[in-house]
1. Does segment 111-128 contain at least one residue that is of a type outside the set (Asp, Glu), within 22 Å of Arg41 (Cβ to Cβ), in a helix (DSSP H, G or I) and at pLDDT 95 or above?
2. Taking the stated definitions as given, is Arg99 open to solvent by 70 Å² or more (accessible area, probe 1.4 Å) and at pLDDT 95 or above?
3. Is there a residue being within 14 Å of the chain's Cα centre (by Cα) and open to solvent by 40 Å² or more (accessible area, probe 1.4 Å) anywhere in segment 43-57?
4. Does Ile3 fit the bill of being aliphatic (A, V, I, L, M), assigned to a strand (DSSP E or B) and out of contact with any Ser or Thr (no Cβ under 8 Å at 6 or more places or on another chain)?
5. Just for segment 112-139: of the residues that are of a type in the set (A, V, I, L, M) and either buried (at least 16 other Cβ atoms within 10 Å of the Cβ) or touching a residue at least 60 places away in the same chain (Cβ under 8 Å) (or both), which one is nearest to Ala67 (Cα to Cα)?
6. I'd like to check which helices (runs of 4 or more DSSP H) are fully inside segment 29-102 and have at least 1 residues that are in contact (Cβ under 8 Å) with a residue 24 or more places away in the chain and among the hydrophobic types (A, V, I, L, M, F, W, C).
7. If a residue must be surrounded by 12 or more Cβ atoms within 10 Å (Cβ to Cβ) and either modelled with pLDDT under 95 or under 25 Å from Glu54 (Cα atoms) (or both), how many such residues does segment 74-89 contain?
8. Quick check on this structure: which one of Asp137, Asp81 is over 21 Å from Met1 (Cα atoms) and under 16 Å from the mean Cα position of the chain (by Cα)?
Amino acid sequence: MDIDIISPQSPPPVAQAHTLFMVVKSFKGRRDVSVHLFRGRWSETEEAALPWSELLDGTVPRPGEAARRVVMEAFTDAERDRIVDYLKAQYSTRLAAIRSAPLSFPVPAGLCGLSEAQPGKSVGFIEFEKIPSYLLDIPLRGFFDLSQHPPIVQE
């Protein structure tokens, strides 16, 4: 399994500054599926405490707006490291890669978080908290789009 953790060039303005994704070798009949991992929930207090004028490019959106979700869904160093350790221990034979990169600040105001996606025929979410072997206290979710990956068996 390839693990690539990219550190920020300079200290980020907030702790939750890391994106994370994994490549699953085989998932729902598809090969090498990218699953973008994100925090599935957070408190209003946690969101209100952040310096939004420093974090977002352009006007500061109101609480709960899509651009804020990009930051709120990101992970701290400690969360990222715990998730990577969990994935290595639990899914080492099933994963081709784990990658992490820092967010670029300020985040463009037009972006929206992964949780904004609507599940459909090929798009969906993994809710790790529903997996019996998931023991972390991080509300981890994964977003995938099967249409972006080749089927295991060609029709």
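1. Yes - at least one qualifying residue is present in segment 111-128.
2. Working: open to solvent by 70 Å² or more (accessible area, probe 1.4 Å): yes; at pLDDT 95 or above: yes.
Spelling it out, Arg99 is indeed open to solvent by 70 Å² or more (accessible area, probe 1.4 Å) and at pLDDT 95 or above.
3. Applying the first criterion (within 14 Å of the chain's Cα centre (by Cα)) to segment 43-57 yields none.
No, segment 43-57 contains no residue that is within 14 Å of the chain's Cα centre (by Cα) and open to solvent by 40 Å² or more (accessible area, probe 1.4 Å).
4. Values: aliphatic (A, V, I, L, M): yes; assigned to a strand (DSSP E or B): yes; out of contact with any Ser or Thr (no Cβ under 8 Å at 6 or more places or on another chain): yes.
So Ile3 fits the description; yes.
5. From segment 112-139, those of a type in the set (A, V, I, L, M) are 114, 117, 123, 126, 131, 135-136, 138; that's our starting set.
Right, trim to either buried (at least 16 other Cβ atoms within 10 Å of the Cβ) or touching a residue at least 60 places away in the same chain (Cβ under 8 Å) (or both) and you get 114, 126, 138.
Numbers: Leu114: 10, Ile126: 22, Ile138: 21 Å.
Ranking the candidates gives Leu114 first.
6. Those helices (runs of 4 or more DSSP H) span 52-55, 66-72, 77-91.
7. 6
8. On the way: Asp81 fails: over 21 Å from Met1 (Cα atoms).
Asp137 is the lone residue from the list that is over 21 Å from Met1 (Cα atoms) and under 16 Å from the mean Cα position of the chain (by Cα).
The values are calculated or read from the model by the stated rules, or taken from the named source; none is laboratory data. Being a predicted model, the structure only gives us computed values, none of them experimental. Every residue, glycine as well, gets a Cβ built from its backbone with ideal geometry; the counts of neighbours run over all protein chains shown. What goes into the accessible areas is simple: the full protein's heavy atoms, side chains included, and nothing from ligands, DNA or RNA. Shrake-Rupley method; radii C 1.70, N 1.55, O 1.52, S 1.80 Å.
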